Amino acid sequence: MKITGIEIFPLTISFKTVIEESFGTVGLKEDDVVIKLYTDEGITGLGEGSTLGPFYCGESQETVMGIIGHHLFPKVLDGEDPFNIDLIHRHMDKVVYENSVAKSAIDFAIHDIMGKALNVPVYRLIGGKFTDRIPLRASVGIASPEAMAERAKAIVDAGFQGIKMKVGLKPYEDIDRVKAIREAVGKEAIIDIDVNGAYSPKEAIAVLNKVADCAPILVEQPVSRDDLEGLALVKRSVNLPIGACESALTLSQILRVIRMDAADFFNYKISRSGGFFRGKQAVHMMEAAGLFAVGSEQLGFGIELAAQAHFAVSTSILKLPGGYAAGIIGMAGTFHSTGFTGDIVDETPLVQDGRLRVPERPGLGVVLVEDCWRRYITPGKEVIRIGKVL
């Protein structure tokens, strides 16, 4: 089997729910890239690259499309056997430095092809399945303590295992936010305090020590992504699990965090870090270092959500503590008890009672629907087709 062509779809998502974070508003309009790889045996594979913008991980819709269309497809993928996953990743890294969102999209599409060729779901290729449903947390963004507590209670009442709360605009007001949410959700639900790097080390230490009695709590990226010394200082000074997120997008960055003893855990996203192949390497590195990983998704369409589901059910380290963190539940359409509306694929992976089910069809288990994806084409842009795509 050989890869023969690619379609690159520039799409823009308008979310039904937006989230205020310390670095801005997420969900108003997010540019996305979907790819479809073609082979000489008629099997195709879907991938998705969701960047959240260049401020977040250094990539954008334009860079993902350009890197894939001008470099990764013609120099690495064209004519290659999709089963040569190790070789493909080595060649991608040789041809293009970093740009791991673009590489994730390709990795997802290649695994989709392999699963379809072998007639098995992707999770069977990357570790099997240790659970049928993944417990989720959902985000409440930044608002008044009262509004955040109300949203948090509704999330827990709907069956979600915990809360991902955004903080960082006014550090000392965040103390009231955490305490209000803990009172609203009871003693057992996990609260993930996501600072997105907005605190200084001294602010982080002062605020987090004030809310330590509200545990169980996880603290995600309390200081700037580039301040590993500050992250290590917070870890030593606060009696709560301290996590690296934006500080640890790549294997080399994860290794630096481990070497500096700067975190207790990692918030890890395969969608921004190279896909399934690099993801398995990353979480096993974390586990070997005696740390744990919390999964998180990158706010894409159903292709990305399906990929997260396959990775989560096949990676038992992600079950600790309390499941797989979800960002915005709502995606491009409306969330309800039986799933999502407004997606670009058929049978979006089901989220029900606060848990995510993994697709059981071959490959990623989702199919791109033309009448749906055309509604999201980014204004002024068109689908790019390279090589043999029919």
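The values are calculated or read from the model by the stated rules, or taken from the named source; none is laboratory data. As the structure is a prediction and not an experimental result, all values here were calculated from the model. Cβ placement follows ideal geometry from the backbone for every residue including glycine, while neighbour counts extend to all protein chains displayed. Just so you know, the surface numbers come from the protein's heavy atoms only, side chains and all, with ligands and any DNA or RNA stripped out. Shrake-Rupley method; radii C 1.70, N 1.55, O 1.52, S 1.80 Å.
Table for the structure above
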| read-out | value |
| --- | --- |
| Coarse-grained scattering of the range 145-293 at q = 0.09, 0.17, 0.21 Å⁻¹, given as base-10 log I(q)/I(0) from a Debye sum over alpha-carbon atoms | -0.28, -0.93, -1.24 |
| Heavy-atom accessible area per residue - the chain, 1.4 Å, Å² | 38 Å² |
| Pair-distance profile P(r), taking every C-alpha pair of the range 152-227, with 5 angstrom steps and integer % | 3, 17, 29, 24, 15, 8, 3, 0 |
| Separation of the SER252 and SER237 label points, Cα + 7 Å toward Cβ, nm | 3.0 nm |
| Exposed-site-free run, longest, the chain (rule: trypsin sites (Lys or Arg not before Pro); DSSP loop; at most 14 other C-beta within 10 Å) | 188-387 |
| Rounded to 10°, Cα long-axis angle of helix 201-211 versus longest principal axis of the chain | 70 degrees |
| Cβ-derived FRET efficiency at R0 22 Å, GLU150 paired with LYS29, nearest 0.05 | 0.25 |
| Unit charges at the beta carbon, dipole of the range 109-178: most positive-side option, ASN119, MET148, ILE134 | ASN119 |
| Cα gyration tensor category, rounded, prolate or oblate, for the range 52-188 with a/c compared to 1.5 | oblate |
| From the C-alpha gyration tensor of the range 261-310, square roots of 5λ in Å | 22, 11, 8 |
| Relative compactness, the range 70-136, computed as alpha-carbon Rg over 2.2 N^0.38 Å | 1.27 |
| Of all accessible heavy-atom area on the chain, the percent that carbon and sulfur account for (1.4 Å) | 51 percent |
| GNM top mover of VAL156, VAL101, VAL122 - the chain, alpha-carbon springs below 10 Å | VAL156 |
| Cα-derived Rg to Rh of the chain, Kirkwood definition | 0.96 |
| Kirkwood hydrodynamic radius of the range 220-288, from inverse mean 1/r over distinct Cα pairs, in Å | 11.9 Å |
| Protein-only accessible surface order, largest first, of TYR172, TYR123 at 1.4 Å | TYR172, TYR123 |
| Only Lys, Arg (+1) and Asp, Glu (-1) charged, at Cβ; the chain dipole about Cα centre in debye | 480 debye |
| Estimated [θ] at 222 nm from DSSP helical runs (n ≥ 4, -39500 (n - 2.57)) normalised by residues in the chain, nearest 500 | -10000 deg cm²/dmol |
| Relative contact order (percent, whole number), the chain, Cα cutoff 8 Å, 6+ residue spacing | 22 percent |
